[in-house]
Each structure stands twice: as structure tokens, then as C-alpha cells.
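Asks: Handing you this structure, nothing more for now.
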Amino acid sequence: MNPVGGEDATRLLRELREIYSKTTRHEDSILGSMTTTPNPLAIYAFTIFSHTNLADLELFSSLKDMYKDVLDLAGRIYGSNLGYVTAGATESNLIALYVAREIHGGNNNIVVAPDTVHFSVEKACRFLGCRLVKIPVGNKPLDPGLLVKYVREYSPFAIVVTAGTTELGLVDPIKEVAEMASTNNVYLHVDAAYGGLIIPFLHERGLVKENVYFYKGVSSIAVDFHKFAGAPPPAGLILFSNEDYLNASCFEYSYTISGKICGVLGTRPGGSLAGIWAVLRGMGLDYLRDKALWAFNVARELFSSINSIKGFEAIEPETTIVAFRHKRLPSNVLSDYLAERGLFLYKAPSIGGLRVVVMPHFNKALIGRLLKSLSDISRSTPHA
Ligand SMILES: *Cc1c(COP(=O)(O)O)cnc(C)c1O
């Protein structure tokens, strides 16, 4: 059988491989993205379930056991097992704000968040027609006292805080904000897209003060498995504190066997669940803990190495993201120079620099090339 049809399969495969061989690989080039090389077992799991649709678990009922495993493990880490797999935090954040407004909205249309909040929350507000009021926090974790003032002034229907901000990897004071949200009966969503599989392990060792957990007052948590944990994308998870919130995000689909579909997507890859399951069961929490601690140390080493290169200054990392800038060169000059050498970093606009997101695929050679390139820049640039 010709598996492809129209064109000659051998030729097409050759072309595919050629395109593949030119495609950027994490371990050779990527230092600033929140994605990583997926775990091989998770890729296998994703692939063999590629025919399944998570939107209909009655049809693919064997997936239910895997789902239970994943939610039980999530329950052990975060303190709630009520939720479902999503296409990532962009979807999870949109769902959370939808639920918040359905249940806490009334006449109010305002969401309050520190200005370090991820763009996807802004996007969710656009979709929902709500207004995002940003609290200026100057690249620091949110000051709960300041939040109280904003909540008094705006009476928002939801607060969003972040565990692992995009630019600097900061963690907002989740526990304190949760108490305050609970007292004021405001929905609190914790965006732990990046930090959700790092921070609990750092917290356990006393390396960060905050934890990602369903403290009283936390309404929902978003975690991405396609970031640090290395599940093939898309692989997100949204968890809720109670059944009412969960149910508010599900819709009647009377033609399906289960009769309802939750979240934004309709057809949803069963591979996403299988990939998450493979990561949690195949690598396990011990592996994730080791990787998180390793990344924390790599980030600290990178911070001091970059800081010791003349002309550069780095910001001391709170978790696993190291932002830095050159005192004279704008970030686009830096990033073009590095890209020419096959090193890709994202920007840290608030400091006019770039950021390194330490991910499991980092290796000595990759880090060495970055430091060497920065030293070369330093040598060829006159100092202030
Ligand atoms: C990555 C990220 C998102 C967006 O998640 P996707 O999985 O890309 O949709 C949202 N918030 C934070 C804090 C993130 O790190």
C-alpha cells in the first residue's frame, strides 16, 4: 500500500526528512523558549493515541484509567484533582476567566493582575470582553497590600497571579493573595503554566518561599506539561477547587455519548493525556524534582557567569530564568548576533535585554557556546 497516496511516498519521505534535518533542535540552539525536547516515552504515548478524541471519553473509555492516574497525581501535588487536560495555559486561562465571570461576575467586568501577567490573560479578556487592570509591580512579586487597594477600588470578578512569570520567573505570593481573595469572595486564578512543575519541588527544599497549591481561596490553577515536564505539545491541565467551577466550564453536546464537552476546544488530542501520563508515570515525580533542582542550580551558575562578563549585567534568578542585558547594546542587536551563531533567546523587554529559560535539554556545549558568544561580544564592544 502506498501510505501517502498522490505522490511517490519514498520521495515525500525524503523531502520530509530533509525539512526535519533543517528544523531547529532544542539541544543545539534553543535557550530562551519554554518548550523542550519531548520525552521519548511521551512521544510514543502521544503517537499511539493519535486516533483518540479526549472530548469523548465514553467512546475511548480505556483512556479513563489514564485520566484518573493523571488527576490523582495532580491532586497529590496541588491539592485538587478536579479538572481536565487542555491545549495549554492560553486555553486554561481563558476557561478560568470564563468560569470566574459566570459565577462571580454579576455586573462587574474587571480582572485585576500584576503587570507581569502573561499576554494570554490579556487575550482571554479580549475574547471575553472584560477589562484587565494591571497593577504596576516593577519586576517584583506582587505586593499583597497593593492588591488590596486595587480590589477595593475596582471590585474585580477575578484576580490572576503567576507562579513563574515569563520574563523573570518570579512567584507571586499565592497564599497571602488566596486569603485575601477568600475574604473578599473574588475568584483567584493561579497561572502556573511554566512554574507549576518546578516551584513545588523548589518549595519543598526551601529554595522558594511560595508554593503552587490549592490554599483556601485559590479557585483554579493552570499548569503546562509541554513546558518543563517535556510532554509533547499541546499538553496543559486546568484544575478547579470545586465541582461548581468545573461544571461551569462544561457545555452540553447532546450528540456525543457523554453529552457534554468541557473547555474551549471541541475535538481534543487523546495524545495530550497519554503524553502527560507517560511523563508523570514514566519519569515520575522524583525525576521532575531532580530536574527542577538541577535547573535551579544551572540558573544560579549562569547568573554569576554572565555577570562576570564585562559589559553585561544579569538579574539574580528567583527560580530558573536568568534575564540579562548589555549596558550599551540594545536587545535586538544582541539577539541578532546570537541568532547568527545559532543561539536563540527571547527578549526580556522590561529590562531591555534577553532571557535564558533553563530547560531540561540544556547541556554543557550549549551553555558554553552562549557564554563564549557573550565574551566575544564583550571583547569587541567598547566599555562605558
Ligand atoms: C507559557 C505560558 C502561558 C501560555 O501557555 P501556552 O501553553 O503557550 O498556551 C501562559 N502563562 C504563562 C505564565 C506561561 O508561562
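The values are calculated or read from the model by the stated rules, or taken from the named source; none is laboratory data. Computed from a predicted structure; not experimentally measured. Note that we place each Cβ from the backbone using ideal geometry, even for glycine, and neighbour counts take in every protein chain shown. Each accessible area value is taken on the protein alone, full model and side chains, heavy atoms only, with ligands, DNA and RNA left out. Shrake-Rupley method; radii C 1.70, N 1.55, O 1.52, S 1.80 Å.
Asks: Run SER350 past the list (1) within 30 Å of PHE201 (Cα to Cα); (2) modelled with pLDDT of 95 or more; (3) out of contact with any Phe, Trp or Tyr (no Cβ under 9 Å at 6 or more places or on another chain) and report the number of the one that doesn't hold.
Replies: (2)
Asks: Working only within region 358-370, note down all residues that are open to solvent by 40 Å² or more (accessible area, probe 1.4 Å) and part of a helix (DSSP H, G or I).
Replies: LYS364, ALA365, ARG369, listed by residue number.
Asks: Let me ask something additional. For MET66, are the conditions met, namely being within 16 Å of the ligand (Cβ to nearest atom) and not in a strand (DSSP E or B)?
Replies: Judged against the criteria, MET66 is not a match.
Asks: Restricting attention to region 212-227, which residues are of a type outside the set (Val, Ile, Thr), away from the ligand (no atom under 11 Å from the Cβ) and either buried (at least 24 other Cβ atoms within 10 Å of the Cβ) or closer than 14 Å to LEU246 by Cα (or both)?
Replies: SER219, SER220
Asks: Based on what the data block shows, is ALA113 in contact with a strand residue (DSSP E or B) (Cβ under 7 Å, 6 or more places away or on another chain) and outside any strand (DSSP E or B)?
Replies: Criteria not met by ALA113.
Asks: Hey, could you check region 228-248 for residues that are under 17 Å from LEU71 (Cα atoms) and open to solvent by less than 10 Å² (accessible area, probe 1.4 Å) and say which is farthest from the ligand (Cβ to nearest atom)?
Replies: Once the filter is applied, the top-ranked residue is PHE240.
Asks: Scan region 91-105 for residues that are farther than 24 Å from LEU146 by Cβ and either within 13 Å of the ligand (Cβ to nearest atom) or buried (at least 23 other Cβ atoms within 10 Å of the Cβ) (or both) and jot them down.
Replies: GLU91, SER92, LEU94, ILE95, VAL99
Asks: Among the residues in region 265-283, are any outside the structural domain of LYS364 (by TED's automatic domain parsing), touching a residue at least 24 places away in the same chain (Cβ under 8 Å), within 13 Å of the ligand (Cβ to nearest atom) and open to solvent by 10 Å² or more (accessible area, probe 1.4 Å)?
Replies: Yes, some residue in region 265-283 is outside the structural domain of LYS364 (by TED's automatic domain parsing), touching a residue at least 24 places away in the same chain (Cβ under 8 Å), within 13 Å of the ligand (Cβ to nearest atom) and open to solvent by 10 Å² or more (accessible area, probe 1.4 Å).
Asks: Which one of the conditions (1) within 13 Å of the ligand (Cβ to nearest atom); (2) over 28 Å from LEU288 (Cβ atoms) does ASN108 fail to meet, given that it meets all the rest?
Replies: If we test ASN108 against (1) within 13 Å of the ligand (Cβ to nearest atom); (2) over 28 Å from LEU288 (Cβ atoms), just (1) comes out false.
Asks: Given the structure, is MET1 open to solvent by 20 Å² or more (accessible area, probe 1.4 Å), more than 22 Å from the chain's Cα centre (by Cα) and modelled with pLDDT under 95?
Replies: Against the criterion (open to solvent by 20 Å² or more (accessible area, probe 1.4 Å), more than 22 Å from the chain's Cα centre (by Cα) and modelled with pLDDT under 95), MET1 qualifies.
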